Structure formats: C-alpha cells, structure tokens
Amino acid sequence: MTDEHKSTLTKIIVSFAMLVVLNIIPVFLGQVAESTAWKITSAVLYLVCYLIIGFDILKEAVEGIMHGEVFDENFLMAVATIGAIALAVYSKSTDFNEAVAVMLFYQVGEFFQSYAVGKSRRNITELMDIRPDYANIERDGKLERVSPESVKCGTTIIVQSGEKIPLDGIIVEGNSTLNTSALTGESVPREAKAGDEVTSGCINLTGVLKIKTTKEFGESTVSKILKLVEESGERKAKSENFITKFAAVYTPAVCIAAFALGVLPPMIQIILGNSPSWSVWIYRALTFLVISCPCALVISIPLSFFAGIGGASREGILIKGSNYLETLSKVRTVVFDKTGTLTKGVFEVTGIHHNEIENEKIIEYAALAECASSHPISKSLLLAHGKEIDRSRVTDIQELAGLGLTANVDGIKVAVGNSKLMNKLGLSYAECHSAGTIVHVALDNKYAGHIVISDVVKNESERAVSLLKKYGVKKTVMLTGDSDKVAQKVGAQLKIDEIHSELLPSDKVGWVEKLLEQNSAKEKLAFVGDGINDAPVLGRADIGIAMGALGSDAAIEAADVVLMDDNPVKIARGIKISRKCLGIVYQNIAFALVVKFSCLALGASGFANMWLAIFADVGVTVISVLNAMRALRTK
C-alpha cells in the first residue's frame, strides 16, 4: 500500500469514527442535545469531519474551476455535498449526516478504485519486469557493478546464475540455460552456449556466462520492448476515444439538466400560483449531480485496454496500442508469409531417392564437394552429414553459376547440382516428384541419385491455422515466393484456404490489396511475416504481425503487433486476448450506461436519494474497474 493510500485510509477511519460519535452523543445528552450550544458545537464538529474527509475533493474542484476544467467528479461532489449542507441549514437542521456520509462513501469508493488501478499497473509492471538493474564488468580480477547505460558496445560482461542479461550480445565463454518467459511467454528454458546470440531481459539460470555486447543499452532488445509498452497507451482505440468525447459532452449536459431540475419545477409552481418546493427539487438536483459522474466509463475503459495489452505482453505478444488491440479483435482474414512464419526457414535434407550407393555415402560425397560454399543448400548438406569435414580430401572445386559445382573427393569426380548440370554433363537422371529443392549427384560421370532438401513446417503451424478458424477467422491465405509445388504441399498440409506462390514482395502487396477489397468495412485483414523482408506488405495490411521478432529491430519498427518468438499459435492467442478485452470494454460500457440512466431517472423523479446516488457513481466504477482487471488474466 502506498503512502497516499495510507493517508486516505486514515482520513476515512477518523471521519467515520467522528460520524459515529456525533450520532451517539445526543442519546446520552438527553435534553441538552436540544440546546443552542450543542447545536452550534455539533455543527462545528460535523464541519470538521466534513473537511477531514472532503478537503482534498474541494481543493481539486477549486483548482479545476481555476484551470477551466469545471465539469469533473470533484466539482459534482463538491456542489452536491455543499448543497446538502446548505439545505440542512435552510431547514434549520443540524443534521449534516448525509453530506458527510456521501463524501465519506465517495472517498471509500475512490480508495478501492485507486487501489485496484494501482494493483493492475503493478501487475503489468511485474509482467514486464525485464529492465536490468546493473551489468557486471571484470576489473583487476573483481566484478564491478555498473549501470547498463554506461556499457559500450564490444565490452565483455559477466552474467552470473540468477541474474538478468543486461545487454544484447554473443556468448564468448560458458554454457547455461536461459529463462526467456518475460520476453516470449514460454516457460521452457532455452539452452545457450559459446557462440550463441543472447538478448537482454533473459534470466541466466545456471552457469556463469561471459558475453561480448553487440548493442548499447538504448538500442538493446529490452530497451526497445520497454519503450514499445510505454508508448502503447498513447495510441487510443475508437472505443476509448468515444468515451473521452462522450464524457466531455455528457458532463456539462447533466449539469445543465440538474440546474433545470432544481429551478424549473419550483418556477412552474410559482406561475401556477402554488407554493414552490425549493428544498425538494434542489435536493433532487443535487442527487442527480452525484449520480451523473461518468467515472465508471472514463476510468474503466482505458484501464481495460491497458490491462489487455499487459495480459498480451505476458504471453510474449507486444501490441503497440489499444487501437491495434481493437483492430486485432476484428480480424477475419489472416494472410501468412511461408518461410520463417509457417515453416522453420531452415532447409533440411528430407529424402534421398534413386541412389545407387548408401544414403550416408551420397550425403558424404555431396557435403565434401560443397564444403567451400556458403549457400544455404551447402549448409543443409553439411548439417545432414553431421561430421567434421576433412578438406584435405577435396581438390579442384569448380562452381558453375546457376548449375551447381564439381570437385574431386578422394580421387573421385563428384558433380552436385540441378537438372541443368546433369544435362550439361550429358547424364541421364531421375525426375523427382517430391516438393523441395532437388540436388542431383553424379560420381565419376555416373548418376548416383538425388537429395531432396525442404523447408520444414513448424510443429505448431497446423494447430495455429485450426485455432484461427475456431476463433472465427473466415479465410486463411498463404503468399510465398517459393515454387508452386512446395507452396501447394505446405498449404494442403496446413489446410490453408488460398495459396499464391512464386511472388515478388510487390506481388504480395498487390494480393493483400485485392483481399482487402473483398472484406467488409467491419472485417479486418492481418498479414503475418518475419518483419524484415515483408515490411511493405506489413504496412499495407489492416494490422501487421511480425513473427519471431526477438532482437529484430526491423520487425519491431514495421509491425503493429510483435510476437517475441516463432510460435504461430500466438497469432490465434493474440486474437483471443483482444476479443476478450473488447468484450470487457463493451460489458463495462453497457453496465455503466444502463445503471447511470436508470438511477438518473429515479433521482429526477424523487425515488433515489444520495445513498443510491453514491452506489450509481462509486459502486458502478469499482465494479467496472474490477471487471477490467480480468483482461490481465489469459488462459
């Protein structure tokens, strides 16, 4: 509990105790309670009690008037309670219970509301508690703690077990497991060893790591994420903007209505020749004012969006503003890039066909021949071989652009390449009907078989597409620059509705524009890509989602939603969280408006007193705030 909360609680307890005592004393005083001296004394004590509990409200009301911000809840409460005191004086009564009690219960409601808001903000802060406090630098054989902001790029830092990694870098010494849950939302630790890149904000769980920094703190992943979360509140959703505009018009309107309610009926009574009931109608007008406070809408709606963004952050889904959260909830078409989004983006050997020798041998010859190449195909062959390459076995490597290469391996002439290379060498070869890149191999001018290399579909992709359809996405589309055979195979495996292949980046933008034309105004389109090569199409979609963007500056800049790991299931999870959040927003709007207008009607007709007014204002606000906090929790 903060000092401010403690101070408010103390005032509530003191004023409540005084109110109870002031109502008990007359019972023991008997006839003395009717004396002028006691009436004056009790009036002064009531006034002291009122000022203890309401001074800060009165002060803020006066400051609001001086700054031109008249119509807020402080003004309404000040006018209503001072009016109640004036009515008591007018009726020659010293019973100021109602004015004090209304202010007291208003403060109780404000206390619980403030505590609930503070708790939700603390929860979000804890969920995003990734800011490192210090970095360790070794000097003269001792570890010295310094500010992460002061560490230069290229400095070697030490991260001990249990500490946060303060800056992005590369491990130069040590092995460990890293907890990345604060960034990615995944609870399974990740293994890390020398040579691996690591990002700031992860927690080192086991061994001691020496890390050479590759970015300064201001450019590090943790810094960019924190900035993104902090700025997310600046981009308001249409629902949030509507409530702000609604409150700006609504509050002055109800103040005018309250004034009319307190003045017009007595004036009509005078015109009709009847005795005016000023006290009755002014009391109703004051009650009307208290009921009219729009706190529930003005506070709970932004809080709902704030909590929704915080809940998504815990899952490793960074949403750049409540406007994007609202758009995400309306997505009915999801367009995927293929490589790196639905597939791993890492080519692997998936088959060896028509081979005349053992699988291991054909891979060994191909890997040795390709050992000097940096091409992704070459890397896939080296990975499939899985053994250390002895380059002394390889001579006379000749790379043939667009065809492949030839080399001598252990005195055997090896040719590795595509069908064009086989045609050039005058060798007959077997056609392959598998989807993927086909690498033909010939040994001493004899065809030895071919190797199929494919981009492997992610384990989670099929479930991700299934969940999207379950959550109401009408159409899934895949746009890829890959061959049609590969695209059709992946699309069929994942049950994607529409597939377009062999596209350039500009072609993808064109297809997204066509798909946008097919949607209605209320239906939104999301494009999911890696955030680096797909920046143009990410920007053209209604909402751009960057996959696996941990540490990617381009992805964080280009996309509206950033998924901090490579799990496509989080696309569906983000849509579900956004819809839950918007559901809570609409619940709060409907609940607040129905209760408000019902109580306003009761207050105007005389069926509601100040007590009901307090429930309509404070009670509805507290209930709405507590409902908004549900957006923090996701399943």
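The values are calculated or read from the model by the stated rules, or taken from the named source; none is laboratory data. Please read all numbers here as calculations on a predicted model, not as lab measurements. Neighbour counts run over all protein chains shown; Cβ positions are idealised from the backbone, glycine included.
Residue check: is Arg332 among the charged types (D, E, K, R), within 30 Å of Ala590 (Cα to Cα) and assigned to a helix (DSSP H, G or I)?
no
Condition check ((1) surrounded by 15 or more Cβ atoms within 10 Å (Cβ to Cβ); (2) in the same structural domain as Ser313 (by TED's automatic domain parsing); (3) assigned to a loop (DSSP other than H, G, I, E, B); (4) at pLDDT below 90) across all residues:
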position	(1), (2), (3), (4)
Leu178	yes, no, no, yes
Ala182	yes, no, no, yes
Val188	no, no, yes, yes
Glu191	no, no, no, yes
Ser200	yes, no, yes, yes
Thr206	yes, no, yes, yes
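Those residues that are within 52 Å of the chain's Cα centre (by Cα) and exposed (fewer than 14 other Cβ atoms within 10 Å of the Cβ), I need them from the range 23-47; list them, please. Let's see the steps before the verdict.
Quick first cut of the range 23-47, residues within 52 Å of the chain's Cα centre (by Cα) only: 23, 45-47.
Within the range 23-47, Asn23 is the sole residue that qualifies.
Among (1) more than 53 Å from the chain's Cα centre (by Cα); (2) surrounded by 15 or more Cβ atoms within 10 Å (Cβ to Cβ), there is one condition Ala415 misses while meeting the rest; what is its number?
For Ala415, the exception is condition (1).
Quick check on the range 261-276. Is at least one of its residues of a type in the set (A, V, I, L, M, F, W, C) and modelled with pLDDT under 75?
From the range 261-276, those of a type in the set (A, V, I, L, M, F, W, C) are 261, 263-264, 267-268, 270-272; that's our starting set.
Narrowing further to those that are modelled with pLDDT under 75: none.
The answer is no; no qualifying residue exists.
Whether any residue in the range 330-346 is aliphatic (A, V, I, L, M), in contact (Cβ under 8 Å) with a residue 12 or more places away in the chain and more than 25 Å from Glu523 (Cα to Cα) is what I want to check.
Initial filter on the range 330-346 (aliphatic (A, V, I, L, M)): 331, 334-335, 342, 346.
Now narrow it down to the ones that are in contact (Cβ under 8 Å) with a residue 12 or more places away in the chain: 331, 334-335, 342, 346.
Within this subset, residues satisfying the condition of being more than 25 Å from Glu523 (Cα to Cα) are 346.
Yes, that holds for at least one residue.
Can you tell me how many residues within the range 392-420 are in a strand (DSSP E or B), charged (D, E, K, R) and at pLDDT below 90?
Taking the range 392-420 first, the residues in a strand (DSSP E or B) are 394-400, 404-409, 412-417.
With the extra rule that they be charged (D, E, K, R), the set shrinks to 396, 399, 413.
Checking which are at pLDDT below 90 leaves us with 399.
Qualifying residue count for the region: 1.
So for the range 300-322 (the condition being outside any loop (DSSP other than H, G, I, E, B), closer than 30 Å to Gly83 by Cα and at pLDDT below 85), does at least one residue qualify? Break it down stepwise before answering.
Initially, the range 300-322 is screened for residues outside any loop (DSSP other than H, G, I, E, B), giving 300-314, 317-319, 322.
So of that shortlist, the ones also closer than 30 Å to Gly83 by Cα come out as 300.
Narrowing the set further to residues that are at pLDDT below 85 leaves 300.
Among the residues of the range 300-322, at least one is outside any loop (DSSP other than H, G, I, E, B), closer than 30 Å to Gly83 by Cα and at pLDDT below 85, which makes the answer yes.
Checking Met18 against (1) over 25 Å from Ile291 (Cα atoms); (2) modelled with pLDDT of 80 or more; (3) surrounded by fewer than 19 Cβ atoms within 10 Å (Cβ to Cβ): exactly one of these is not met. Which one?
Result: Met18 fails condition (3) only.
Table: residues versus (1) touching a residue at least 40 places away in the same chain (Cβ under 8 Å); (2) of a type in the set (A, V, I, L, M); (3) in a helix (DSSP H, G or I); (4) within 30 Å of Ser466 (Cα to Cα).
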{"site": "Ile571", "(1), (2), (3), (4)": "yes, yes, yes, yes"}
{"site": "Lys576", "(1), (2), (3), (4)": "yes, no, yes, yes"}
{"site": "Leu582", "(1), (2), (3), (4)": "yes, yes, yes, yes"}
{"site": "Ala592", "(1), (2), (3), (4)": "yes, yes, yes, no"}
{"site": "Ala608", "(1), (2), (3), (4)": "yes, yes, no, no"}
{"site": "Val618", "(1), (2), (3), (4)": "yes, yes, yes, no"}
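Going residue by residue through the range 44-61, is there one that turns out to be in contact with a Ser or Thr (Cβ under 9 Å, 6 or more places away or on another chain), farther than 25 Å from Val618 by Cβ and outside the structural domain of Ser279 (by TED's automatic domain parsing)?
The answer is no; no qualifying residue exists.
Hand me the list of strands (runs of 3 or more DSSP E) wholly inside the range 437-547 holding 3 or more residues that are buried (at least 20 other Cβ atoms within 10 Å of the Cβ). Please lay out each step first, then the result.
Values: elements: 437-443, 446-457, 475-479, 498-500, 524-529, 543-546.
Answer list for the range 437-547: 437-443, 446-457, 475-479, 524-529, 543-546.
Being within 25 Å of Leu503 (Cβ to Cβ) and of a type in the set (Val, Ile, Thr) is the filter here, so list the residues in the range 328-353 that pass it.
Of everything in the range 328-353, those that are within 25 Å of Leu503 (Cβ to Cβ) and of a type in the set (Val, Ile, Thr) turn out to be Val331, Thr333, Val334, Val335, Thr339, Thr341, Thr343, Val346, Thr350.
Restricting the search to the range 599-631, which residues are at pLDDT below 80, touching a Lys or Arg at 6+ places or on another chain (Cβ under 8 Å) and surrounded by fewer than 24 Cβ atoms within 10 Å (Cβ to Cβ)?
Selection gives Met629 alone.
Residue check: is Glu360 surrounded by fewer than 24 Cβ atoms within 10 Å (Cβ to Cβ), charged (D, E, K, R) and not in a strand (DSSP E or B)?
Yes: the conditions hold for Glu360.
Which condition does Lys330 not pass, out of (1) surrounded by 23 or more Cβ atoms within 10 Å (Cβ to Cβ); (2) over 30 Å from Asn179 (Cβ atoms); (3) of a type outside the set (Phe, Trp, Tyr), if it passes all the others?
Only one criterion is unmet by Lys330, namely (1).
Do any helices (runs of 4 or more DSSP H) entirely within the range 1-95 hold 2 or more residues that are touching a residue at least 60 places away in the same chain (Cβ under 8 Å) and under 30 Å from Cys255 (Cβ atoms), and if so, which? Step through it out loud before you land on a result.
Details: elements: 3-29, 36-66, 73-90.
Fully inside the range 1-95 and qualifying: 3-29, 73-90.
Consider Ile362 carefully, then state whether it is out of contact with any helix residue (DSSP H, G or I) (no Cβ under 8 Å at 6 or more places or on another chain) and modelled with pLDDT of 85 or more.
Working: out of contact with any helix residue (DSSP H, G or I) (no Cβ under 8 Å at 6 or more places or on another chain): yes; modelled with pLDDT of 85 or more: yes.
For Ile362, the condition - out of contact with any helix residue (DSSP H, G or I) (no Cβ under 8 Å at 6 or more places or on another chain) and modelled with pLDDT of 85 or more - is met.
Filtering the range 392-412 down to residues that are within 14 Å of His375 (Cα to Cα) and among the aliphatic types (A, V, I, L, M), which residue is surrounded by the most Cβ atoms within 10 Å (Cβ to Cβ)? If you could, list the steps in order and put the result at the bottom.
At the first step, the residues of the range 392-412 found to be within 14 Å of His375 (Cα to Cα) are 399-405.
Narrowing the set further to residues that are among the aliphatic types (A, V, I, L, M) leaves 400-401, 403, 405.
Details: Leu400: 14, Ala401: 6, Leu403: 18, Leu405: 20.
The extreme case among them is Leu405.
Which condition from (1) at pLDDT 85 or above; (2) closer than 21 Å to Phe347 by Cα; (3) of a type outside the set (D, E, K, R) is the one that Ala435 breaks?
(1)
Taking Asp129 as the residue in question, decide whether it is modelled with pLDDT under 70, under 35 Å from the mean Cα position of the chain (by Cα), surrounded by fewer than 21 Cβ atoms within 10 Å (Cβ to Cβ) and not in a helix (DSSP H, G or I).
In short, yes.
Could you tell me whether Ala559 is crowded, with 21+ Cβ neighbours inside 10 Å, modelled with pLDDT under 85, at negative phi and touching a strand residue (DSSP E or B) at 6+ places or on another chain (Cβ under 6 Å)? Steps first, answer last, please.
On the way: crowded, with 21+ Cβ neighbours inside 10 Å: yes; modelled with pLDDT under 85: yes; at negative phi: yes; touching a strand residue (DSSP E or B) at 6+ places or on another chain (Cβ under 6 Å): yes.
Yes; evaluated as a whole, the condition is true for this residue.
Please find, within the range 363-391, the residue that is surrounded by the fewest Cβ atoms within 10 Å (Cβ to Cβ) out of those that are in a loop (DSSP other than H, G, I, E, B) and charged (D, E, K, R). Outline the logic, then answer.
Within the range 363-391, the subset in a loop (DSSP other than H, G, I, E, B) is 370-375, 386-390.
In the following step, the residues that additionally are charged (D, E, K, R) were identified as 370, 387-388, 390.
On the way: Glu370: 28, Lys387: 10, Glu388: 6, Asp390: 10.
Taking the candidates together, the pick is Glu388.
Note down all Cβ pairs under 7 Å where the first residue falls in the range 392-416 and is assigned by TED's automatic domain parsing to the domain that holds Glu370, the second is part of a strand (DSSP E or B) and among the acidic types (Asp, Glu), and they're at least six residues apart or on different chains.
Partner pairs satisfying both residue conditions: Leu405/Glu399; Ala407/Asp396; Asn408/Asp396.
If you take the residues of the range 235-260 that are among the hydrophobic types (A, V, I, L, M, F, W, C) and within 17 Å of Ser329 (Cβ to Cβ), which of them is modelled with the lowest pLDDT? It would help to see each step written out before you state the result.
Within the range 235-260, the subset among the hydrophobic types (A, V, I, L, M, F, W, C) is 237, 242-243, 246-249, 253-260.
Within this subset, residues satisfying the condition of being within 17 Å of Ser329 (Cβ to Cβ) are 237, 242-243.
Values: Ala237: 60, Phe242: 67, Ile243: 64.
Of everything passing the filter in the range 235-260, Ala237 is modelled with the lowest pLDDT.
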